[in-house]
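Quick notes on the structure that follows.
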Amino acid sequence: MSLTRPQLLDLYYYIRLTRDIEERLTVLYRQSKVVGGLYRSLGQEGESVASAYALGPEDALAPLIRNLGSIVALGVRPRDIFAQYMARGSSPTHGRDLNVHFSHIPAPGSGERTLIGPISMLGDLIPVMAGFGLGARMQGRQLVTLTYIGDGGTSTGAFHEGLNFAAVQKLPLVLIAEDNKYAYSTPISQQMAIARLDQRAEAYGIPHEMIDGTDVVAVFESAKRAIERARAGEGPTLIGVDVMRMKGHAEHDDQRYVPKALLDEWRQRDPLARYRGWLLSDGVASGTELDEIDGMTHGYAEEEAQLAEASPMPDPADAGRGVWAGDELFVPRLEIVKSPFAEV
């Protein structure tokens, strides 16, 4: 295994922080302080964090709305995430868009990763990130692009067109396909006749594998292999992750269409609890150390939520701004922070 002890603790910190952020967002949503919907990633935090953590220092990430963990792993401050959900004027989009629809595009050579915000039309991020990789290659940059898609999104035309283009052009794209068991209320058995989600890749002649999405280390190792392969010029990879969306499509969805027995089964495979147990059993960390991280992330999420809630709503005088390119006020400038365990 290529991960050091600080990196293993780093992963735990980010997964725990992701869950604490979402639990705080749930409280804010029920208090009607979240503007719009809340899309939880409960049960999927591990695969989002681990895959994004495998990226290189100048690679590009494009999450979907349920991949909050990947954004947290990039180092985006929780304050910015809370402010975005509450449509505050201090949010990355200055209250003009919601949840995680924001980007961070640093200058080449800055040593910072690129973040491309989600596209609500599922599947469309795949051709976008294929194009990003093509553009980078034309510039002589050896960066890799990573994005995600749910099982339902693999049935869209953009998924197939984008993946086929990436395969033909051997573009440096890594695609994480999440077997969520349900696309909103439609079970995967009613969406496709193949046995495994990753078999979608066979039509395009690209490598693929299906892994346990609750196994944090396995996800990291798989993503790392695919990223290294892409950086070497060997083209795209599709990684299928077996996970369960433990909450409804959004917080307003009571998930009544999912059998209780299925949820009970996957509740026993919680990625955070499983990873914590592995860290303890392998002697990577003590219970006291992990409890300290739990307290650290909980307090951090609470403090950041309070900062965001105390920030002002958008200034009505700026309602007409941000329409035209070049308005510097509306260029997102995210503060990227490292975890306490990050190695220099």
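The values are calculated or read from the model by the stated rules, or taken from the named source; none is laboratory data. It should be emphasised that the depicted structure is a prediction, and the values quoted were computed from it without experimental measurement. Virtual Cβ from ideal backbone geometry, glycine too; neighbours counted across all protein chains shown.
The set of residues in the range 57-79 that are over 19 Å from TYR12 (Cα atoms) and either at pLDDT below 95 or of a type in the set (Ser, Thr, Tyr) (or both) comprises PRO57, GLU58, ILE65. Checking every residue in the range 226-237 against the condition of being modelled with pLDDT of 95 or more, surrounded by 12 or more Cβ atoms within 10 Å (Cβ to Cβ), hydroxyl-bearing (Ser, Thr, Tyr) and over 18 Å from ARG40 (Cβ atoms) gives at least one match. Residues considered: GLY295, GLY287. Of these, the only one that is under 25 Å from the mean Cα position of the chain (by Cα) and small (Gly, Ala, Ser) is GLY295. The helices (runs of 4 or more DSSP H) found wholly in the range 41-95 and carrying at least 2 residues that are farther than 13 Å from GLU304 by Cβ occupy 45-53, 68-74. Can you name the residue in the range 212-225 that is over 20 Å from ARG19 (Cα atoms) and out of contact with any strand residue (DSSP E or B) (no Cβ under 6 Å at 6 or more places or on another chain) and is also surrounded by the most Cβ atoms within 10 Å (Cβ to Cβ) among such residues? Restricting to residues being over 20 Å from ARG19 (Cα atoms) and out of contact with any strand residue (DSSP E or B) (no Cβ under 6 Å at 6 or more places or on another chain), the top hit is ALA223. In the range 313-338, of all residues being modelled with pLDDT of 75 or more, assigned to a helix (DSSP H, G or I) and not small (Gly, Ala, Ser), the one that is surrounded by the fewest Cβ atoms within 10 Å (Cβ to Cβ) corresponds to PRO316. The set of residues in the range 154-176 being crowded, with 17+ Cβ neighbours inside 10 Å, aliphatic (A, V, I, L, M) and either part of a helix (DSSP H, G or I) or out of contact with any Leu (no Cβ under 9 Å at 6 or more places or on another chain) (or both) consists of ALA158, LEU163, ALA166, ALA167.
So how many residues does the range 239-262 have that are touching an Asp or Glu at 6+ places or on another chain (Cβ under 8 Å), not in a loop (DSSP other than H, G, I, E, B) and not small (Gly, Ala, Ser)? Summing the residues that are touching an Asp or Glu at 6+ places or on another chain (Cβ under 8 Å), not in a loop (DSSP other than H, G, I, E, B) and not small (Gly, Ala, Ser) in the range 239-262 gives 3. Comparison of ILE126, ILE116 shows that the only residue that is of a type outside the set (Phe, Trp, Tyr), under 14 Å from the mean Cα position of the chain (by Cα) and on the phi < 0 side of the Ramachandran plot is ILE116.
Only residues that are surrounded by 13 or more Cβ atoms within 10 Å (Cβ to Cβ) and either of a type in the set (S, T, N, Q) or on the phi > 0 side of the Ramachandran plot (or both): list them for the range 250-300, please. Hits for the range 250-300 are GLN255, THR297. Candidates in the range 109-153 are the residues that are basic (Lys, Arg) and not in a helix (DSSP H, G or I); of these, the one that is surrounded by the most Cβ atoms within 10 Å (Cβ to Cβ) is ARG113. Counting only residues that are without any contact (Cβ under 8 Å) to a residue 40 or more places away in the chain and touching a helix residue (DSSP H, G or I) at 6+ places or on another chain (Cβ under 8 Å), the range 121-136 holds 5 of them. Looking across the range 183-225, the residues that are closer than 29 Å to LEU272 by Cβ, among the hydroxyl-bearing types (Ser, Thr, Tyr) and either assigned to a helix (DSSP H, G or I) or modelled with pLDDT under 95 (or both) come down to TYR184, SER185, THR186, SER189, SER222.
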